[in-house]
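Below is one structure. I have some questions about it.
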């Protein structure tokens, strides 16, 4: 098969991007959904609720693959939040439950590359109050919508320790494509990390967006809150 694009020397080259311009960096904005909203992380507003939500875990296993934590005191945790809140990259957001109005988790947009339209979601730390809930999926959808439809990025990345089976499963459920393993990519907490790479690109986003919208719709949940169709099934049915 001949390449789609070639230069005057007959060499294959990448798809032209006429009119491409660098994108804006993510801002400290709020994003409203049905189950939750994302707000710029503010320790004074979200800190106590986050501390209490994370404390509901029977053991601190959720921090194992995070760059920070677990914390040996409330002071250390609030210092971490204060540092995170001052950062523009990563840009941290709190996930606020729509019913209680309390923060139940955080996530961030990081490794921002506006010139190339590439950005990563990371620092995903969801408490037991948020894990495996519609709000957890909606939080991811809200951030993806912001990146693709508002900021106009071309590539949205997810990276994790290759040994973090839960994170890898979550990425695949959300529609990210596995791209491979970067061996000995990082050192954190005094140990090696081989990094698993996943991504969604802009041409894939419309179908994913449709699947998320279908999954999050009221008619996809029973009166007990159980999903009728899985996100994978909604993705398969998307046009």
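The values are calculated or read from the model by the stated rules, or taken from the named source; none is laboratory data. Quick caveat: nothing in here was measured; it's all calculated off a predicted structure. Note that we place each Cβ from the backbone using ideal geometry, even for glycine, and neighbour counts take in every protein chain shown.
Kindly indicate which of 94, 51 is closer than 14 Å to residue 130 by Cα and crowded, with 19+ Cβ neighbours inside 10 Å.
After applying the criteria, what remains is 94.
Filter region 72-102 for residues that are touching a residue at least 24 places away in the same chain (Cβ under 8 Å) and either under 19 Å from residue 27 (Cβ atoms) or out of contact with any helix residue (DSSP H, G or I) (no Cβ under 8 Å at 6 or more places or on another chain) (or both) and give the result.
Within region 72-102, 84, 85, 88, 89, 90, 91, 92, 93, 94, 95, 96 qualify.
From the list 212, 198, pick out the single residue that is touching a strand residue (DSSP E or B) at 6+ places or on another chain (Cβ under 7 Å), crowded, with 18+ Cβ neighbours inside 10 Å and under 21 Å from residue 142 (Cβ atoms).
Criteria check complete, one pass: 198.
Here is a follow-up. Criterion first (surrounded by fewer than 21 Cβ atoms within 10 Å (Cβ to Cβ) and within 16 Å of the chain's Cα centre (by Cα)) does residue 102 satisfy it? It would help to see each step written out before you state the result.
On the way: surrounded by fewer than 21 Cβ atoms within 10 Å (Cβ to Cβ): yes; within 16 Å of the chain's Cα centre (by Cα): no.
Against the criterion (surrounded by fewer than 21 Cβ atoms within 10 Å (Cβ to Cβ) and within 16 Å of the chain's Cα centre (by Cα)), residue 102 does not qualify.
Here's another thing I want to ask about it. Quick one: residue 77 ticks every box in (1) closer than 29 Å to residue 194 by Cα; (2) surrounded by fewer than 12 Cβ atoms within 10 Å (Cβ to Cβ) bar one, so which box is it?
Result: residue 77 fails condition (2) only.
If you take the residues in region 1-34 that are part of a loop (DSSP other than H, G, I, E, B) and in contact with a strand residue (DSSP E or B) (Cβ under 6 Å, 6 or more places away or on another chain), which one is farthest from residue 87 (Cα to Cα)?
Of everything passing the filter in region 1-34, 3 is farthest from residue 87 (Cα to Cα).
Yes or no: residue 165 loosely packed, with under 14 Cβ neighbours inside 10 Å, out of contact with any strand residue (DSSP E or B) (no Cβ under 7 Å at 6 or more places or on another chain), without any contact (Cβ under 8 Å) to a residue 12 or more places away in the chain and closer than 20 Å to residue 124 by Cα?
yes
Can you tell me which residue among 86, 61 is under 14 Å from residue 125 (Cα atoms), at pLDDT 95 or above and loosely packed, with under 12 Cβ neighbours inside 10 Å?
61
Something else about it: So residue 157 clears everything in (1) within 17 Å of residue 68 (Cα to Cα); (2) surrounded by fewer than 22 Cβ atoms within 10 Å (Cβ to Cβ); (3) under 16 Å from the mean Cα position of the chain (by Cα) except one condition, right? Which one?
So residue 157 meets the others, but not (1).
For residue 139, are the conditions met, namely being crowded, with 21+ Cβ neighbours inside 10 Å and under 23 Å from residue 94 (Cα atoms)?
Criteria met by residue 139.
Same structure again: Could you grab me the full set of residues in region 120-135 that are assigned to a helix (DSSP H, G or I) and either at pLDDT below 95 or crowded, with 21+ Cβ neighbours inside 10 Å (or both)?
Of everything in region 120-135, just one residue is assigned to a helix (DSSP H, G or I) and either at pLDDT below 95 or crowded, with 21+ Cβ neighbours inside 10 Å (or both), namely 135.
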